[in-house]
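Derivation of every value follows stated rules applied to the coordinates shown; laboratory data play no part. These figures come from a predicted structure and were not determined experimentally. Positions of Cβ are generated from backbone atoms using ideal geometry, with glycine treated the same way; all protein chains shown enter the neighbour counts.
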Amino acid sequence: MSTVIKGGTIVTADLSYQADVLIEGGRIASIGQGLVGDKVLDATGCYVMPGGIDPHTHLEMPFMGTYSADDFESGTRAALAGGTTMVVDFALPSPGQSLLDALKTWDNKTARAHCDYSFHMAVTWWGEQVFDEMAAVVDRGITSFKHFMAYKGALMVNDDEMFSSFRRVGDLGGLAMVHAENGDIVAELSARLLAEGNTGPEGHAYSRPPQVEGEATNRAIMIADMAGVPLYVVHTSCEDSHEAIRRARQAGKRVWGEPLIQHLVLDESEYFNPDWDHAARRVMSPPFRDKRHQDSLWAGLQSGSLSCVATDHCAFTTEQKRTGIGDFTKIPNGTGGLEDRMPVLWTQGVGSGRLTPNEFVAVTSTNIAKILNMYPKKGAVLVGSDADLVVWDPEAEKTIHASDQQSAIDYNVFEGIKVKGLPRYTLTRGVVAVNEGKVDSHEGHGEFVARAPRPAVNRALTAWKELTARRPVARSGIPASGV
Ligand code: URP
Ligand code: ZN
Ligand code: ZN
Ligand code: ZN
């Protein structure tokens with residue numbers, strides 16, 4: 001059965017034009033005027049855009065003594081509700097665990113996924129086994145490797161481990177990724193704050209100032225440069241980190257930064273709320289920042305120095321957050337956002353004139369599809385692309401309430417925010433998952449998206465390094481040793 005989306009304006013990262021879209025076998029079969037299909041979706045007054053891709057989620061993640069509450073079932077359902085048609089999650093080996101074992105565990109979490117997904121692999125320890133298994137992970141279609149510079153004593157790796165891993169990633173044609181915060185300093189500051197009686201959720205923000213993120217971002221960029229590997233910096237939350245990324249890009253380095261919708265919209269005053277639950281629900285790393293950092297992040301999206309907007313969706317219930325009463329270091333770190341990323345970014349970005357609709361598509365879908373080497377299967381409206389599409393109604397409005405959301409948790413950090421711009425239809429490989437604004441998605445429909453290495457960037461970096469390498473000086477007439 002074919003489906004035709006009629007009467008809309010196609011909006012991609014580089015073009016806007018009026019055309020119908022015909023879908024057959026889950027893919028875009030034709031784009032043009034007056035197309036005919038078995039089923040018709042009316043897109044009058046709407047934009048037809050590539051479905052969103054969220055490159056940073058943690059569904060059913062084991063973390064800080066518990067599991068994040070949204071799994072691949074509720075998480076991908078929430079994604080589709082908000083116009084996101086693909087998520088990229090992180091397989092996290094425990095220190096000492098085989099990467100392939102961890103991958104099996106993550107594979108087993110996905111049976112109920114409503115939309116397509118892929119994985120990044122985390123490198124949480126270093127050794128010959130990790131070095132060897134990284135090649136097998138790439139063969140499985142996972143080509144991006146994340147390194148935590150924070151969470152000391154748990155997920156954190158040191159500079160020498162990162163350098164070894166980055167070199168291996170470079171040789172495999174992969175992408176190095178970092179959570180950039182100086183974990184040693186965070187641990188010291190946290191201990192000092194607790195000793196001084198600063199035990200509330202605001203202590204979390206005090207223990208992770210922007211300088212801690214800026215330093216780690218600079219360090220990761222230097223290590224990636226020495227290793228000759230491209231670098232993706234997740235959850236860039238502040239000017240200090242953005243400045244490092246901007247400078248690296250201006251110097252010709254292949255570095256990308258990813259602000260989260262939370263950091264673009266919410267600020268650190270949330271942690272000063274006298275209601276403990278309100279503040280703790282917003283504890284995540286990096287924390288929300290002073291408002292001036294938001295201007296920097298928006299400017300980065302506008303100018304192209306920051307590339308993708310993600311959520312880092314890692315949702316914990318209020319009950320789970322309460323583990324940290326009396327000690328902020330025990331509050332599970334993470335917030336939700338999968339359902340809200342696209343509507344909130346559209347409203348506060350396109351609605352305010354800070355982003356064009358084409359830039360919106362670039363930062364929510366196309367840029368990451370290119371960075372992760374899955375374009376134009378994903379992130380495009382082109383003949384042959386997967387029909388992962390959102391028919392976006394720029395006039396539809398709602399106020400965000402936890403009571404209406406798909407996520408399993410009992411609150412929403414965007415509670416009360418009004419949005420204008422919502423999916424009329426969301427399609428995942430041609431199957432309608434949001435119909436006239438109502439969620440009607442299908443458990444188990446989601447498939448794993450394998451990604452090939454992208455050796456061209458890495459080869460370019462290596463070739464240039466080789467050309468410009470420091471070499472021994474050729475000398476004639478070396479004096480005899482001893483005078
Ligand atoms: O607080 C956060 N961001 N939790 C999820 C894990 C991570 O650091 O990305
Ligand atoms: Zn992180
Ligand atoms: Zn994360
Ligand atoms: Zn159905």
Karplus 3J(HN,Hα) series, Hz, for the range 58-67 with 6.51 cos²θ - 1.76 cosθ + 1.60 (x for Gly, Pro):
10, 9, 6, 8, x, 7, 6, x, 8, 10
When each of 6/39; 104/377; 398/420; 398/438; 253/465 is checked by Cα-Cα distance, pairs over 18 Å:
104/377
Backbone HN-Hα couplings from phi across the range 72-78 [Karplus 6.51/-1.76/1.60, Hz, Gly and Pro as x]
5, 6, 5, x, 6, 5, 4
Scaled by the rule-of-thumb 2.2 N^0.38 Å, the alpha carbon Rg for the range 206-345 gives a ratio of 1.08
Evaluate 2.2 N^0.38 Å with N set to the residue count of the range 125-211, then give the Cα radius of gyration divided by it.
1.36
Restrict the search to the range 1-96; then list the GluC sites (Glu not before Pro) that DSSP places in a loop and that have at most 10 other Cβ atoms within 10 Å of their Cβ.
none
First obtain the Kirkwood hydrodynamic radius of the chain from its Cα pairs, then insert it into the Stokes-Einstein equation at 10 °C and 1.306 mPa s, and state the resulting D in µm² per second as a whole number.
69
How many angstrom separate the Cα center of the range 7-62 from the Cα center of the range 292-324?
26
Computed over the range 87-153, the convex hull of the Cα set has an average projected area, in nm², of 4.8
Could you work out how much longer the chain between residue 195 and residue 42 gets when fully extended? Use 0.36 nm per residue separation minus the Cα distance between them, nm to one decimal.
49.0 nm
Under 5 Å, built H, 5+ apart or other chain: amide partners of residue 35:
20
Counting other Cβ atoms within 10 Å, keep those with at most 12, restrict to DSSP loop, and tell me which chymotrypsin sites (Phe, Trp or Tyr not before Pro) in the range 250-345 are left.
none
Would you be so kind as to identify which of 25, 145, 47 lies farthest towards the positive end of the dipole of the range 1-159, taking Lys and Arg as +1 and Asp and Glu as -1 on Cβ and the Cα centre as origin?
47
3J(HN,Hα) from dihedral phi, the range 346-359, Karplus parametrisation 6.51/-1.76/1.60, rounded to Hz, x for glycine, proline
4, 5, 8, x, 5, x, 9, x, 6, 10, 7, x, 5, 5
Report the GluC sites (Glu not before Pro) located in the range 241-331 that are in a DSSP loop and have at most 11 other Cβ atoms inside 10 Å of their Cβ, or state none.
none
Relative contact order (percent, whole number), the range 206-260, Cα cutoff 8 Å, 6+ residue spacing:
41
Can you sort 445, 293 from fewest to most other Cβ atoms within 10 Å of each residue's own Cβ?
445, 293
How do 100, 231, 266 rank when sorted from fewest to most other Cβ atoms within 10 Å of their own Cβ?
100, 266, 231
Quantify how much of the Cα-Cα distance distribution of the range 101-247 extends past 28 Å, in percent.
27
Once amide H atoms are placed 1.01 Å from N in the peptide plane, what residues at a sequence separation of 5 or more from residue 116, or on another chain, have their amide H within under 5 Å of its amide H?
447
